[in-house]
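Accompanying notes for the structure given below.
The values are calculated or read from the model by the stated rules, or taken from the named source; none is laboratory data. Just so it is clear, the structure is predicted and the values come from calculations on it, not from any experiment. We place every Cβ from the backbone using ideal geometry, glycine too, and count neighbours over all the protein chains shown. Calculation scope for accessible area: heavy atoms of the full protein, side chains included, ligands and nucleic acids excluded. Shrake-Rupley method; radii C 1.70, N 1.55, O 1.52, S 1.80 Å.
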2 protein chains.
Amino acid sequence: MMSALVASAQPIASSKWAIALHGGAGGSLAKMGEEAKQLHRDSLACALEIGKKILANGGSALDAVEAVVRALEDDAHFNAGRGSVLTESGNAELDASIMDGSTKSCGAVANVTNVKNPITLARRVMTETKHVLLAGKGAEDFAATQNLPLVEQAYFISGHRDPLTSSIAIREPTGDDSHYGTVGCVALDQKGNLAAGTSTGGTTKKMPGRVGDSPIIGAGTYASNDTCAVSGTGIGEEYIRHAVAYDIVAQMRYANRSLEAAATEIIENRLKPDTGGLIALSNDGTIVMQHNTEGMACGAADSQGRFETFLKIEK
Amino acid sequence: MMSALVASAQPIASSKWAIALHGGAGGSLAKMGEEAKQLHRDSLACALEIGKKILANGGSALDAVEAVVRALEDDAHFNAGRGSVLTESGNAELDASIMDGSTKSCGAVANVTNVKNPITLARRVMTETKHVLLAGKGAEDFAATQNLPLVEQAYFISGHRDPLTSSIAIREPTGDDSHYGTVGCVALDQKGNLAAGTSTGGTTKKMPGRVGDSPIIGAGTYASNDTCAVSGTGIGEEYIRHAVAYDIVAQMRYANRSLEAAATEIIENRLKPDTGGLIALSNDGTIVMQHNTEGMACGAADSQGRFETFLKIEK
């Protein structure tokens, strides 16, 4: 069940860039039909292409991360934005965070119910407030002041794509694969700046008000130019308990471990099997994607011509 | 402005215990009259005595932390529970977290407006749900199911003790010392288990919905028996950005630094002056209390007879 993929790259010069994304880790992939698998890979490739274009054109890692996560939020295949799972009360409550590795500026939102793109709201928290995390109605009131697109709950509840068949269905607060589908992105731009972002609808049938790791800087998301950028996906409580995203930074910073060794320590030794996965990108352009679940939807691209998507990383 | 205090102790045998608490870091202490200072120290001593008794009688670190933080929440001198500061809308929104270093179990609540003791609600999240963090109405609905004491907003807004004079006054959402008064506790029990907890009303005139570091495991609170327990107080956004509590654990775990060296790295090198302070307790009973603000209300006691409180730690 343990899987790892590492792509080493030369130190990034001024024209080098790299990006990775994920669309969640879990067991659903094993149950998907071929058509649904292809639709998922098409969705990943489409989002990856958006990030690739931004970075290849000299755009910032932060812009690439926001744009990729927005695309995945708008895609009903994933448990973020439009495709968010529902709480035990049958509502969608969305979480997201974003972090700029060059300044350690960060922003996050939790439990928002009417914001089309939580990742963009998280970025506004970062740039337009003195705070890092806004939750619930306060976050929604702030969204209204920012003229961001707001939606009704029906946007999240209707028109959902079943993750197994990709058919359109009305959502039900059920499902046994409770941690599949969170989305995230890590990017390195041509200036050498790292960024990370994560967005989710949380876990199926979560208690109303539950906040997972995705909006927690240090748990689901972290970026620091001295080391790496990380976005996690899995059982959020375990990611919070182990401070997963920041732990990878700390292993590199304090134990001089490689990004791969740090990620492997977390995924294979620290987290129990079937907990989740992560994508990470070091400041030299090395991309690591690992999971200890049956599958993880992910993809990677870089300035050396790499462009690929996966529903499972072979070890 | 940098201050440090370290009390080394021998490795804890079965009858050894240690505890430290804080009542916030900031500049207010310099402006306090002598009477107010004495009242603050009396409050700290009273709470410390509660924890001391639990640990001396063989109680758990977790019970000591909860009881000490509850006492400080009920004391209107501090910005937690009854004495919480108000948002820019004039409301109290409370945050708290608690962590068991023996199991890494943890629980937290954010933005609760009607719960008398958020630290106890945080512990119930830890023990009675599968989640780590509940925010807003969801947290309050859960509190109602737990038969915990609920209060009206008036409980937080009226009967407040002015931090400078200790006189009773109706609260106003004003004040220039925006990060004074968060409370926290770290404890080591006779079984060698560590625990940490933190509770706050947040920052004065915060935006509604703002969540600081106190309910964020890894930022304001962390405990792991292999290293130490930490509770922070200060500008929460900086504590989240730098994953302060977990960073101390990581420095000890990955760089083999002492608790004192790890805390000093954070307080003197990582955080800007006047950001805050922290209390930390290693698994050998060493207590470290440091701050880079003008003052920090804190105290420490252990099984070797130590029992003292401070409003400022001399370096």
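Of note:
- Flag if residue B:314 is touching a strand residue (DSSP E or B) at 6+ places or on another chain (Cβ under 9 Å), more than 14 Å from chain A (Cβ to nearest Cβ) and of a type in the set (D, E, K, R): yes
- Residues in the stretch A:52-90 that are within 14 Å of chain B (Cβ to nearest Cβ) and either under 20 Å from residue A:131 (Cβ atoms) or open to solvent by 10 Å² or more (accessible area, probe 1.4 Å) (or both): 3 in all.
- When restricted to residues that are open to solvent by 20 Å² or more (accessible area, probe 1.4 Å) and either in a strand (DSSP E or B) or of a type outside the set (Gly, Ala, Ser) (or both), the stretch A:137-147 contains 6.
- Residue in the stretch A:225-244 that is in contact (Cβ under 8 Å) with a residue 60 or more places away in the chain, within 14 Å of another protein chain (Cβ to nearest Cβ), β-branched (Val, Ile, Thr) and over 24 Å from residue B:252 (Cα atoms) present: no
- Within the stretch A:16-38, the set of residues being farther than 20 Å from residue A:293 by Cα and part of a strand (DSSP E or B) comprises A:18, A:19.
- Subset of the stretch A:91-108 [open to solvent by 20 Å² or more (accessible area, probe 1.4 Å) and touching a residue at least 40 places away in the same chain (Cβ under 8 Å)]: A:91, A:93, A:100, A:102, A:104
- Scanning the stretch A:92-109 for residues that are touching a Gly at 6+ places or on another chain (Cβ under 7 Å) and within 11 Å of chain B (Cβ to nearest Cβ) yields A:93, A:95, A:97.
- Residues (buried (at least 23 other Cβ atoms within 10 Å of the Cβ), out of contact with any Asp or Glu (no Cβ under 8 Å at 6 or more places or on another chain) and among the hydrophobic types (A, V, I, L, M, F, W, C)) located in the stretch B:284-312: B:289, B:296, B:297, B:298
- Look at (1) aliphatic (A, V, I, L, M); (2) under 24 Å from residue A:151 (Cβ atoms); (3) in contact (Cβ under 8 Å) with a residue 60 or more places away in the chain and you find that residue A:115 fails only one, number (3).
- Only one entry of B:146, B:153 meets the criterion of being touching a residue at least 12 places away in the same chain (Cβ under 8 Å) and closer than 30 Å to residue B:53 by Cβ, and that entry is B:146.
- Within the stretch B:109-125, being assigned to a strand (DSSP E or B) and open to solvent by less than 10 Å² (accessible area, probe 1.4 Å) holds for B:109, B:110, B:112, B:115.
- Yes/no for residue B:274 being out of contact with any Leu (no Cβ under 9 Å at 6 or more places or on another chain) and either at positive phi or among the aliphatic types (A, V, I, L, M) (or both): yes
- Condition met for residue A:41 (surrounded by fewer than 24 Cβ atoms within 10 Å (Cβ to Cβ), assigned to a helix (DSSP H, G or I), more than 14 Å from chain B (Cβ to nearest Cβ) and over 15 Å from the mean Cα position of the chain (by Cα)): yes
- Residues in the stretch B:126-136 include at least one that is surrounded by fewer than 24 Cβ atoms within 10 Å (Cβ to Cβ), more than 9 Å from every other protein chain (Cβ to nearest Cβ) and under 18 Å from the mean Cα position of the chain (by Cα).
- The set of residues in the stretch B:246-259 being open to solvent by 10 Å² or more (accessible area, probe 1.4 Å) and within 13 Å of chain A (Cβ to nearest Cβ) consists of B:252, B:253, B:254, B:255, B:256, B:257.
Yes/no per residue for (1) within 13 Å of chain B (Cβ to nearest Cβ); (2) open to solvent by 10 Å² or more (accessible area, probe 1.4 Å); (3) in contact (Cβ under 8 Å) with a residue 60 or more places away in the chain:
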{"residue": "A:187", "(1), (2), (3)": "no, no, yes"}
{"residue": "A:206", "(1), (2), (3)": "yes, no, yes"}
{"residue": "A:209", "(1), (2), (3)": "yes, no, yes"}
{"residue": "A:222", "(1), (2), (3)": "yes, no, yes"}
{"residue": "A:265", "(1), (2), (3)": "yes, yes, no"}
{"residue": "A:274", "(1), (2), (3)": "no, yes, yes"}
{"residue": "A:281", "(1), (2), (3)": "no, no, yes"}
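Quick grid of which residues meet (1) open to solvent by less than 10 Å² (accessible area, probe 1.4 Å); (2) part of a helix (DSSP H, G or I); (3) at pLDDT 95 or above; (4) in contact with an Asp or Glu (Cβ under 7 Å, 6 or more places away or on another chain):
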| residue | (1), (2), (3), (4) |
| --- | --- |
| B:192 | no, no, yes, no |
| B:197 | yes, no, yes, yes |
| B:229 | yes, no, yes, no |
| B:261 | no, yes, yes, no |
| B:278 | yes, no, yes, no |
